[in-house]
Each structure stands twice: as C-alpha cells, then as structure tokens.
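So the structure is just underneath, and the comments pick up after that.
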Amino acid sequence: GADGGPWRVLCALPALWVGLLYDSVAQDAAWQLVKDWSIAEHDDLRREVPKRALNTPFRGRTLRDVALDVLEIAAGGLKRRAAAGGFAADECAFLDVLWQIARSGHTLADTLLDAYRNRWGENLPQIFREFNY
C-alpha cells in the first residue's frame, strides 16, 4: 500500500506528490503528459499494470518511460519549490528510490516475488519475518 513499505520508500510518495502538485510548472507538465489519455487507455492500464508493472506497453513506450517522465517533472517541482521558499536543500533525495525503481524496471513487488520463489522456497509466512513494516 501507499502508506506502508520499507523505511527507505515511505517518504518517496509524499515527495513525489509535493513535486507534482505544489508547483504550477510541474502541474502544467503533468497535465500535458496525461491530458489526452483516453478512458480505454486508462482501462487497459488498470488491467495490465498489475501483471506487467513498469513493462506495460503504452503508446509506443512503456510505463517505465512514463515513470521516468513523471519523476523528472516532480524533481523539477521540488527544486523550484525549494528555491522559491529560500530553502538550502530540496526534497529530491526522497525520490532516489523511485529513480532506482524506474531506471531498473525492478519494482518492490518484483523483489518480493523473487524472494518468495527463490530464497523463501514459496513459504509465504516468511514475508512477515523479513518485511514486518
């Protein structure tokens, strides 16, 4: 869920949304990215993303490419927000884990599935021992 997970990712989601929503340039860029997505495309994404994650094909690219675009927009928003507020540092470091995921295409779900199939020998209760967040 969005409100749980390993400690290293807990601040990533709020930083992403702050970068996208608290800056008008980022808002405009995000809107340009998605404004012409059709209902049929939304339905296709809703159906395919749980199966293919960032490898989901979309408009001649993949969701991984879209994720990288979104992260660029959010990072720009965070930097502009920090500069406008006179802050010495921005919150871009919180996006690092998302950059790593988007660049590699390997999601947290992939990590869990790999552990389940290999290291844990398909012993599902092991998730509660190793991922008790």
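The values are calculated or read from the model by the stated rules, or taken from the named source; none is laboratory data. None of the values given here were measured: they were computed from a predicted structure. With ideal geometry, Cβ positions are generated from the backbone for all residues, glycine too; neighbour counts draw on all protein chains shown. To get the accessible areas, we keep the full protein, side chains included, count just its heavy atoms, and leave off ligands, DNA and RNA. Shrake-Rupley method; radii C 1.70, N 1.55, O 1.52, S 1.80 Å.
Brief remarks on what is shown
- Gaussian network model of the chain, Cα within-10 Å springs - most flexible of Ala29, Ala89, Ala40: Ala40
- Apportionment of accessible area to carbon and sulfur, the chain, percent (1.4 Å): 57
- Note on the chain: with a GNM built from Cα contacts shorter than 10 Å, the maximum mean-square fluctuation among Leu95, Leu16, Leu112 falls on Leu112.
- Among the protein heavy atoms, those of Trp31 account for about 140 Å² of accessible surface (1.4 Å probe, every chain in place).
- In degrees, nearest ten, helix 12-21 long axis to first principal axis of the chain (Cα): 30
- Theoretical gain in end-to-end length, Asp69 to Leu21 [0.36 nm per residue, Cα-Cα removed]: 15.8 nm
- For Thr62, residues with placed amide H under 5 Å, excluding near neighbours: none
- The residue list Tyr22, Phe58, Thr111 was ranked by how far each Cα lies along the charge dipole of region 9-133 toward its positive end, using unit charges on Cβ atoms, and Thr111 comes out on top.
- Remark: region 44-61, residue by residue, has Karplus-estimated 3J(HN,Hα) of 4, 5, 4, 7, 8, 4, x, 8, 10, 6, 6, 7, 4, x, 7, 6, x, 10 Hz, where x stands for each Gly or Pro and the curve is 6.51 cos²θ - 1.76 cosθ + 1.60 at θ = phi - 60°.
- For the chain, modelled as a GNM whose springs connect Cα atoms under 10 angstrom apart, the maximal fluctuation among Gly19, Gly76, Gly121 occurs at Gly121.
- 3J(HN,Hα) couplings calculated from phi for region 25-41 with the Karplus curve 6.51 cos²θ - 1.76 cosθ + 1.60 (θ = phi - 60°) are, in sequence order, 5, 5, 4, 4, 5, 5, 4, 4, 5, 10, 4, 9, 5, 7, 4, 4, 5 Hz; Gly and Pro show x.
- Label zone of Ala109 (point 7 Å out along Cα→Cβ, amide N under 17 Å): in region 16-45 this covers 42-45.
- Accessible area per residue for the chain is 66 Å², calculated with a 1.4 Å probe on protein heavy atoms, without ligands, DNA or RNA.
- Placing +1 on each Lys and Arg Cβ and -1 on each Asp and Glu Cβ, with no other charges, gives the chain a dipole about its Cα centre of roughly 220 debye.
- Using the Cα coordinates of the chain, the gyration tensor eigenvalues translate into equivalent-ellipsoid semi-axes of 29, 22, 11 Å, sorted from longest to shortest.
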